[in-house]
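Heads up: the structure comes next, in C-alpha cells.
The values are calculated or read from the model by the stated rules, or taken from the named source; none is laboratory data. Fair warning: this is a prediction, and the values are worked out from it, not measured in the lab. FYI the Cβ positions are ideal-geometry reconstructions off the backbone, even for glycines, and counts take in every protein chain you see.
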Amino acid sequence: MSTPAPVYSLSTIPHQETIDFLRRLSSMLTGGRNAEMLQQAASLIETLSQRASSAEQLFHEQQEDHARNLELREVAELASDNLFVEVESLKAEIDLLKAQLEERNRQGDIDRNWFAEETLRAQAQAEVAQERLTAVSAELEELRKPPPPETIDDSIAVVPVQSLRTARTQFDYLARGFASKGDVVSQMICEIGARALDKALDDNAPTSNISTMQAGPPPLPET
C-alpha cells in the first residue's frame, strides 16, 4: 500500500517553497529522466510564478490608474457642470443686457423725436416772438419820433401813456419768453426797452394821458 503524498499548506510565498522543494527532490535523485523533469517543472513553475507576479502587479497598476481616471472623471464632470451653470447664467445675463439695450434704444428714439418736436416748436415761438419784437420796435420808433418843432424841443417825445403801458407789457412778455429759451441777448434787449418805458412812465404824473419821453437810446440795465 503506497503512502499518500504529503499535503503542504500554502504560505505567503507558496510558489517559491514549491520550487525549492522540487529542486531539492531533484538533487536527491541520482539523475535520469525523473530528476530532469523535476528541474523542468521547478523552472516552469518559477517562470509562471514570475509571470503571474508581473500580471498581478500590472493588474494593481491598472486598478490604480482606473481609480485615478475615475477621480479625474468625477472632477471633470463637476467642472463641466459648473461651467454649464456659468454658461447658462452668462446667457441669461446677455439676454437681459440685450433687452435693456433695446429698451434704451427705443427710449432714445422717443427722446430724439421729442427733442426734435420741441426744437421745431421753440423755433416757431422764436419766430413769432421776433415778429412781435419787430412790431413793438417799429411802434416804439414811431413813438420816439419828435413832435413838430413849434410844440416841443428836439429832446422830448410826446407819447400817449396807454401806448407806453401796452409797449411795457409786450416787452415783459417777450423777455419772459426769451428767458425760458435761454436767448440772453433778446431778453436783454426787451429788458432795456422795459426799463426805458418804466422811466418814462415814472417821470410823468399819473393823471396825465400824455407822457413825455427823452429821445435817444435808454441806459443799459445793471447786471
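For this structure, a couple of remarks:
- Unique residue being modelled with pLDDT under 75 and in a helix (DSSP H, G or I) when the list is Glu142, Glu127: Glu142
- In the set (1) charged (D, E, K, R); (2) more than 28 Å from the chain's Cα centre (by Cα); (3) modelled with pLDDT of 90 or more, Asp95 fails one condition alone, (2).
- Taking first residues from the stretch 45-63 that are closer than 21 Å to Asp20 by Cβ and partners that are in a helix (DSSP H, G or I), the Cβ contacts under 7 Å between residues at least 6 apart in sequence or on separate chains come to Ile45/His15; Ile45/Thr18; Ile45/Ile19; Glu46/Ile19; Ser49/His15.
- Test: Ala41 is modelled with pLDDT of 90 or more and of a type in the set (Gly, Ala, Ser): no
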